[in-house]
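Every read-out reported here was derived from the displayed coordinates using simple, explicitly stated rules and does not represent laboratory data. As the structure is a prediction and not an experimental result, all values here were calculated from the model. For neighbour counting, all protein chains shown are included, and Cβ atoms are generated from backbone atoms with ideal geometry for every residue, glycine included.
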Amino acid sequence: MSRGGLAGRASAGILARRYKRSGAAPVNDGECFEQARHIQATYRDWLVMWSPWHRTFTAFSCFTPEPLVVDEPTPEALISAMVRVELHHSPTRVDALSSFPSASAGKK
């Protein structure tokens, strides 16, 4: 059987080829690693990393009862999603919501 007919074989040229999304701007991995490090230093309840393979910023919550993972393509979008999660799991928010009277309490 010829080498080209074997399943799972590919030349090194094919394996080394990377595909970009159309219109995607070039990304500097070093800058992205630094941005992830800065976000983690600012938001201490999160483990933040840059994933060069997926080209996304990923944050793992360290304060929620269950593991929670947030993936976003930009640092700004990641921070926004992290803040939404923090607000959703905030004990102050829960206490504030429980102190409001229910809509049916005023009905007789």
Under a plain spin-label model, where a point goes 7 Å from the Cα along Cα-to-Cβ, how far apart in nm are Cys62 and Phe33? 2.0
Gain on full stretching of the segment that runs from Ser51 to Thr74 - 0.36 nm per residue minus C-alpha separation: 7.1 nm
Quick check: net charge around Cys32, other residues with Cβ under 14 Å of its Cβ, Lys/Arg +1 and Asp/Glu -1? -4
